[in-house]
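Structure, as structure tokens:
The values are calculated or read from the model by the stated rules, or taken from the named source; none is laboratory data. Keep in mind that this is a model prediction, so the values were computed, not measured. Every residue, glycine among them, receives a Cβ derived from its backbone with ideal geometry; neighbour counts consider all protein chains shown.
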Amino acid sequence: MKPRPFLSAIVAVMAFVGPVATAAPMHGQPTPAAPDRDLERPASWSIPSYADVRQRMMAWLDTTAAAGVMPAADVAAARETWPEQEPIAPGADLLDHVMDSFTRIDPRCAAVRRSTADSQAAAGSAAPDLGWLADPTTEAFERDAVRLWLGRERVRRDRFDEGLALLADLDPATAVDPAALLFHRAACQHWLLEADVAVESLDRLLERSGEIPVRYERVARLLRADIASLEDESLDHISRRMRDITRRLDLGRAGPKTLAVQDGVIDSLDKMIKQIEQQQQQQSQSSSGAGGGGGRSGNGTPMEESRIAGGKGAGEVTKRDIGDTDGWGKLPPHKREEALQQIGREFPAHYREAIEQYFKRLASGEEKR
């Protein structure tokens, strides 16, 4: 499977850190009181049990069998994978179990699953028709579960735009795995810098803190702290948009959305450059004013404007050859390197690298409209 630099990197860090230890109270100190759960706001969603999902699956199988559009043997085989007693270990992926049953019976689900396999993707197979997932006549249980499973797979492959389109309208109250829905929806919103809705999704996910998988809870807290502290139009904000452009181009997405993000980055950089120029002008004017005032100190008086300054010089200056080519104003290599080092001292290294790499790609013509 393709590496997942966004989610996997954070999960790997949390796995390395390990569980957070709870410090025992020192001798003589009172034990901290447990939080009053009665005062907390009740969660707006619940985690369905195996029995709840099984009941919905049995109802879907009954409807499918009654319609007679699927082989009866396949329907019977799917029933056998859902015994009354939970056959999978606690904490196992219930969504995958649901998708397995759909794949056994519905060829459309089988096509969706094949399309996500790396071997099929490498062979350049055509994308399956997903129109039936938006068809209101499709049974809601199957439609929403497949959209959730497929959206999760899109996020795992860094295809956040496609993942969010599948997950945005799903309801945690009816989802097979509402924790996965809220987490992966928030991951898309976080990457696409939709800060307000990302915080909302993460807060809803953390309503079930202590009940959701540990990896979800730990990463969700990291994502929330990160997106809440991000300032619009800051250098960090611009750098993340550049990173998103690179992701889109790596996926072969060079369409209008990518161009819109590019134009936004250029506009933000132009604004930042103008602000820096204005600050430099103000500092220069302040320095000039301070210097002029300093010249009036002491017993001397400033020269009157109507008086011609006396001087004995010939009024000649030394002429220097600046060349007659259009490159005369370019910095020599050692001066250019000195300027780049100055930039490196003023900004974090990864910002400078992101800006250099982005505009190198623009200059080389790799980002074509």
Identity of the residue in the stretch 136-154, β-branched (Val, Ile, Thr) and modelled with pLDDT under 95, that ends up surrounded by the most Cβ atoms within 10 Å (Cβ to Cβ): Thr138
Go through (1) farther than 25 Å from Ala65 by Cβ; (2) surrounded by fewer than 22 Cβ atoms within 10 Å (Cβ to Cβ); (3) among the small types (Gly, Ala, Ser); (4) touching a Ser or Thr at 6+ places or on another chain (Cβ under 8 Å) for Ala195 and report which single condition fails. (4)
Let me confirm something: among Arg221, Arg241, which residue is at pLDDT below 95 and either more than 30 Å from Val98 (Cβ to Cβ) or of a type outside the set (S, T, N, Q) (or both)? Arg241
Could you list, in sequence order, all residues of the stretch 124-159 that are in contact (Cβ under 8 Å) with a residue 40 or more places away in the chain and assigned to a helix (DSSP H, G or I)? Phe141, Glu142, Ala145, Val146, Leu148, Trp149, Arg152, Val155, Arg156
Selection status of Arg221, part of a helix (DSSP H, G or I) and either in the same structural domain as Arg157 (by TED's automatic domain parsing) or of a type in the set (Val, Ile, Thr) (or both): yes
Might you check whether a residue that is among the aromatic types (Phe, Trp, Tyr) and either within 30 Å of Asp158 (Cβ to Cβ) or at pLDDT below 50 (or both) occurs anywhere in the stretch 50-72? no
Go through (1) part of a helix (DSSP H, G or I); (2) farther than 19 Å from Leu193 by Cβ for Glu162 and report which single condition fails. (2)
